[in-house]
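Encoded as structure tokens, the structure appears first; notes follow it.
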Amino acid sequence: MDTRTYTVDFDVQHIRKDFPILHQIVHGYPLAYFDNAATTQKPQCVIDTIVNYYTHLNSNIHRGVHYLSEQSTNLYEEARKTVQQFINAQYSQEVIFTSGTTAAINAVAFSFGERFVKEGDEIVISAMEHHANIVPWQMMCERKGARLKVIPIDNKGEILFDEYLKLLTPKVKLVAVTHVSNVLGTINPIEKIIDTAHNHNIPVLIDGAQSVQHIPIDVQALDCDFFVFSGHKIYGPTGIGILYGKEKWLNEMPPYQGGGDMVDCVTFEKTTYNDLPLKFEAGTTNFIGAIGLAEAIRYLTRIGLDKVGKYENQLLAYAKEKLSSFERIQFYGTAPKKGPVISFLIDGIHPYDTGMVLDKLGIAVRTGTHCAQPLMDFFDIDGTVRVSLSFYNTFEEIDRLTQGIKKVIDMFG
Ligand code: PLP
């Protein structure tokens, strides 16, 4: 490795000790985990928090006067405040716990749609969205007789801003775009996207599933109306996610699920609903997931997201340089501003074959459409090989990936 260009001010070996899963042998090789955009590994402190909770504290929240229930409730509401601070929401009740990004987008699509969208209205998304930020809007459009409009992109994987501007008509009720593409890595200019939409009085939802673990988020500075992300992609447990919404919207939106906790008073004639945030948290939530997510956020904050971002950018630059040495590699997503995601194909070799050979060398990458079929159609391909990096990856692992790809090319000719 040439350390002259990649000056690393990051003790990655020390960090790696926090992640027990990384220290295992897969098919005879040390695991090199490059599937972080799908899900991230968990530091010991998150694992310990969950074990400790079930060992000593388990009890349902919000419903009990007894010791364990009070402890649980306090931890759950503290977790909400931890998320609030992490994304700099103005009020803690603007933070709603969901089961993930998908659930959060579905919640907005249903609830916002019920209240604000009517026949003939339009929703704007981009051509690089994950299915989670396409299908819920399509379902809502079908229900309401509205139409989905798509911001086109160029071959580098950047949205065509002029085309976006043309879409912003009075019919548009919401713009929903991803911050960072899970396939291309493109970091979208969300500040400009939000500002422009607001000039037309259109609210904006940002899908932060692939950004919140790499880039510091300040929802007040961004002035986004909704921001959503998943716990499992930010070193927390699975089954927990966040819907941030400005209070003014959430107050006006109807609940999308009915049940315990979301109610104020229930009679057979009429039910009145609880205030925020509980209005949107029907039934027993994944409270242990929320507590685990808060621990993950504290862990990441202790390391420092700025430091994490810088190190991951160096890894990305190194991986791009190394993989560019193969003439037969074609990259998808070459925007100048990118998160640590590289999608590629090796000319004449199916991505599945590439993934299989790498797996036999202990190297985990993802292959396929990455839940972005319309994006695959745009590039006229069936799928890609995706390498997605985290701050626990090393330059040496990227060297191993490079050697693995050489082996793939040698094998398949
Ligand atoms: N949005 C983006 C950009 C994603 O990358 C993903 C998952 O990969 C999702 C949404 C859906 O996340 P989840 O499956 O955690 O709900």
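List every residue pair whose Cβ atoms lie under 6 Å apart, where the two residues are 6 or more positions apart in sequence or sit on different chains, the first residue falls within segment 225-241 and is within 18 Å of ARG302 (Cα to Cα) and assigned by TED's automatic domain parsing to the domain that holds ILE288, and the second residue, located anywhere, is among the hydrophobic types (A, V, I, L, M, F, W, C) and near the ligand (Cβ under 10 Å from one of its atoms).
These pairs meet every condition: GLY231/ILE240; LYS233/ALA209.
Tell me whether segment 108-127 contains one or more residues that are in the same structural domain as LEU250 (by TED's automatic domain parsing), within 15 Å of the ligand (Cβ to nearest atom) and either aromatic (Phe, Trp, Tyr) or touching a Ser or Thr at 6+ places or on another chain (Cβ under 6 Å) (or both).
No, because not a single residue in segment 108-127 is in the same structural domain as LEU250 (by TED's automatic domain parsing), within 15 Å of the ligand (Cβ to nearest atom) and either aromatic (Phe, Trp, Tyr) or touching a Ser or Thr at 6+ places or on another chain (Cβ under 6 Å) (or both).
Taking THR169 as the residue in question, decide whether it is away from the ligand (no atom under 14 Å from the Cβ), of a type in the set (Ser, Thr, Tyr) and either more than 24 Å from the chain's Cα centre (by Cα) or under 25 Å from LYS246 (Cβ atoms) (or both).
yes
Looking at (1) in contact (Cβ under 8 Å) with a residue 24 or more places away in the chain; (2) at negative phi, which one does GLY145 not meet, given that it meets all the others?
(2)
Can you tell me which residue is nearest to the ligand (Cβ to nearest atom) among those in segment 229-245 that are among the aromatic types (Phe, Trp, Tyr) and not in a loop (DSSP other than H, G, I, E, B)?
Applying the filter and picking the extreme gives PHE229.
For segment 73-86, check the following and say yes or no: at least one residue is farther than 30 Å from ALA221 by Cβ and either crowded, with 17+ Cβ neighbours inside 10 Å or among the basic types (Lys, Arg) (or both).
Yes: segment 73-86 contains one or more residues that are farther than 30 Å from ALA221 by Cβ and either crowded, with 17+ Cβ neighbours inside 10 Å or among the basic types (Lys, Arg) (or both).
Would you be able to say whether some residue in segment 90-102 is of a type outside the set (Val, Ile, Thr), in contact with a Gly (Cβ under 7 Å, 6 or more places away or on another chain), assigned by TED's automatic domain parsing to the domain that holds SER181 and over 30 Å from MET376 (Cβ atoms)?
The answer is yes; a qualifying residue exists.
Looking only at segment 18-48, which residues are within 22 Å of the chain's Cα centre (by Cα), outside any loop (DSSP other than H, G, I, E, B) and not acidic (Asp, Glu)?
ILE21, LEU22, ALA32, TYR33, GLN44, CYS45, VAL46, ILE47
Which is among the acidic types (Asp, Glu) and under 20 Å from ASP306 (Cα atoms), of ASP223, ASP218?
After ruling out the rest, the residue left standing is ASP218.
Of the conditions (1) within 16 Å of the ligand (Cβ to nearest atom); (2) under 27 Å from ALA282 (Cα atoms), ILE153 fails just one. Which one is it?
Result: ILE153 passes all but (2).
Name the residues in segment 61-91 that are at pLDDT 95 or above and assigned to a loop (DSSP other than H, G, I, E, B), would you?
ILE61, HIS66, ASN88, ALA89, GLN90, TYR91
For segment 180-205, which positions are within 16 Å of the ligand (Cβ to nearest atom) and polar (S, T, N, Q)?
The answer is SER181, ASN182, THR186, ASN188.
Of everything in segment 92-107, what is on the phi < 0 side of the Ramachandran plot and either away from the ligand (no atom under 16 Å from the Cβ) or not in a helix (DSSP H, G or I) (or both)? Give them in sequence order.
Within segment 92-107, SER92, GLN93, GLU94, VAL95, ILE96, PHE97, THR98, SER99 meet the criteria.
Just one of (1) assigned to a helix (DSSP H, G or I); (2) assigned by TED's automatic domain parsing to the domain that holds ASN251 trips up ILE15, so point out which.
Only one criterion in (1) assigned to a helix (DSSP H, G or I); (2) assigned by TED's automatic domain parsing to the domain that holds ASN251 is unmet by ILE15, namely (2).
Of all residues in segment 177-205, which are of a type in the set (Gly, Ala, Ser) and outside any helix (DSSP H, G or I)?
Listed by number, the residues that qualify are SER181, GLY185.
The values are calculated or read from the model by the stated rules, or taken from the named source; none is laboratory data. Quick caveat: nothing in here was measured; it's all calculated off a predicted structure. As a convention, Cβ positions derive from the backbone with ideal geometry for all residues, glycine included, and neighbour counts pool all protein chains shown.
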